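The values are calculated or read from the model by the stated rules, or taken from the named source; none is laboratory data. For clarity, every value in this text was computed on a predicted model and none was experimentally measured. All Cβ positions, glycine included, derive from the backbone under ideal geometry; neighbour counts span all protein chains shown.
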Amino acid sequence: MNEVASRDVVVREWAKRGQEHKSGSSSRGAFTRYVGALDSWDEPTNETFNEMWQALRAALTFELQRRSLWTSPPSYLGVYGWESWRQQSGHTGCTASALDELLVDCYSFIFLKRLARLKAQLEVKPEIEGLVFLYLRNYLHDRRKHYDPLGFRVFEVLRVAVRGAVAAGELHVLSGDSKILNQTILAFDAGDNPRVAFEQSHLGAIVERWNDDLLPDLVNAPRASRRRLIERLRRHLLDLEASGVRVFRFKDIIDPLKQDARARWAAIFELDGGACTSPGGEPAAVAHRIQPDCRLEEVESFMEFTGSIADRLELLDVPKKTHRYLRRLWCFLRTFAGDERMDRLPSNRKLSSLLGIPRDRLPGLYEILRQAIGDPAGAISARISA
Amino acid sequence: MSPAGVRARLQQATRRAVRRYAAVQVMVEGLIDTPLEPGELFVLHATAAFDVEWAVVARHPAHSRLLLVMPADGCSLVGSSDVEIPESAPGGPLVLRCRFGQWLGDSSFETRTRVGVLDPGDVARARLAWSEIEKGDEPGPARWEADEGPDYQDWVTEILVPACMALADSEET
């Protein structure tokens, strides 16, 4: 069985287990066995660890797919430097994939930080598979909120508006999760045919026009006026019926709304002087060095190069916080270099806000990166510009 | 970092987490069969289905057998009247759901399922939050926005409300 097929089997198994958890028929699973084996006298066996690891990978993949995150760039969850979740590293010294990177962090969130919580529940019940599942969802919620604030905000505001309309009896859930998730099908009449939802080819164009009215408030309205924003959005939702859309899937309104908001926001960002204007032009200088030139460099070589820089940064003798900033900045620059839609780096002010790095630290960090990459006469730089 | 390197770092981090947990357990085991005190964390069989712990926050000033308890959990969604305990603090990371506090007789607790202790400062914050709720103080708009988040509302309706009902039911029986 190849790796993809094998993963799909595990994902299906996880989905089944999730259903079993809902119905209360779950048996003692991999997570329970692993947490049970974590004590100060002994360590879990390799088999117990691998079983837990595989189950966590499957659960994470399942959740990414369920939330339509599997097809979004990993950067939306703060995993930079990868084009997709499926992409494997060509560089043997690096983490094997974006999913591996997320998996390590997810493990820490659930099994390290919340070990006491998991152990506490094991005092009063035989299994904690469901709690791990809850923490996993909680983890992805936090990552989305932190790393994709725009997408998260649009999703949450629209979800509140739809839930409000459902609660008021203006919309009805025909199928899917009543909490309103991507696959939920909604209608103006409870007797409508849910299959009609898949025939709404013009829905995207209608939804995108909502942003004429909703932006920029949809992205940056102060908290106090959020209720008014939700009310406006709800009116747009209800106007769908007049446009001939009586049945629709939540995914088919959230996706175009989010994509259009992203595109318009990016345009605002550009007009606002998002171009590189920093003194000394440091970002541009570094970005220019790492910009892959397809005429000269094969993508694989670029991956190998960026992988070696990442390794080199790990070895630098600098304070932990500086390490953290360097990793973040490098990941961003690597993503930037591979993204054709971005032709200029943001200013230091914007970059500082985007990456959570104090602005005054950026010049020093660029200098360290410059040294790690090597001077223009150095071997690696020569490989890029050759 | 290589996969082997990642695994080694995970093992190290896991050992640290287990040691931290074990240190708390030593302290908790020393408290078995001692009277319940504010600042202690329990789990209850009656609410096991809802993945919550219970934090003892205060003893009633007039009825010493009554304890103010609040559900507590590791979900990072934080509402307007919740008290968030950071990872670095004893018992953390944990969120005390102060709006769901209730007075219970101390016989409701199984002292053998005591699972942790909290920092007195965090317990004081929870008591303050409780007194504001009692007075009917409205949180500012920045805070009630958190309460309106769909995920937070789901957490409240699926976990916290049923947990409190299960606890109340268990006391009646």
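At-a-glance table
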{"quantity": "Among residues of the range A:50-77, those that are touching a Leu at 6+ places or on another chain (Cβ under 8 Å) and part of a helix (DSSP H, G or I), counted", "calculated": "12"}
{"quantity": "Residue in the range A:119-139 that is nearest to the other protein chains (Cβ to nearest Cβ), counting only those that are among the aliphatic types (A, V, I, L, M) and closer than 26 Å to residue A:78 by Cα", "calculated": "A:131"}
{"quantity": "Test: residue in the range B:49-58 that is surrounded by fewer than 17 Cβ atoms within 10 Å (Cβ to Cβ), at pLDDT 90 or above and within 23 Å of residue A:114 (Cα to Cα)", "calculated": "yes"}
{"quantity": "Odd one out for residue A:102 among (1) more than 10 Å from every other protein chain (Cβ to nearest Cβ); (2) surrounded by 21 or more Cβ atoms within 10 Å (Cβ to Cβ); (3) at positive phi", "calculated": "(3)"}
{"quantity": "Residue in the range A:79-90 that is of a type outside the set (Lys, Arg), buried (at least 22 other Cβ atoms within 10 Å of the Cβ), more than 9 Å from every other protein chain (Cβ to nearest Cβ) and touching a Lys or Arg at 6+ places or on another chain (Cβ under 7 Å) present", "calculated": "yes"}
{"quantity": "Elements of type helices (runs of 4 or more DSSP H) in the range A:168-274, at least 1 residues being modelled with pLDDT of 90 or more", "calculated": "A:203-214, A:226-239, A:251-271"}
{"quantity": "Of residues in the range B:16-48 being in a loop (DSSP other than H, G, I, E, B) and surrounded by 15 or more Cβ atoms within 10 Å (Cβ to Cβ), the one nearest to the other protein chains (Cβ to nearest Cβ)", "calculated": "B:43"}
{"quantity": "Close pairs from the range B:29-49: first under 19 Å from residue A:121 (Cβ atoms), partner assigned to a loop (DSSP other than H, G, I, E, B) and acidic (Asp, Glu), Cβ under 6 Å, at least 6 apart", "calculated": "B:43/A:123"}
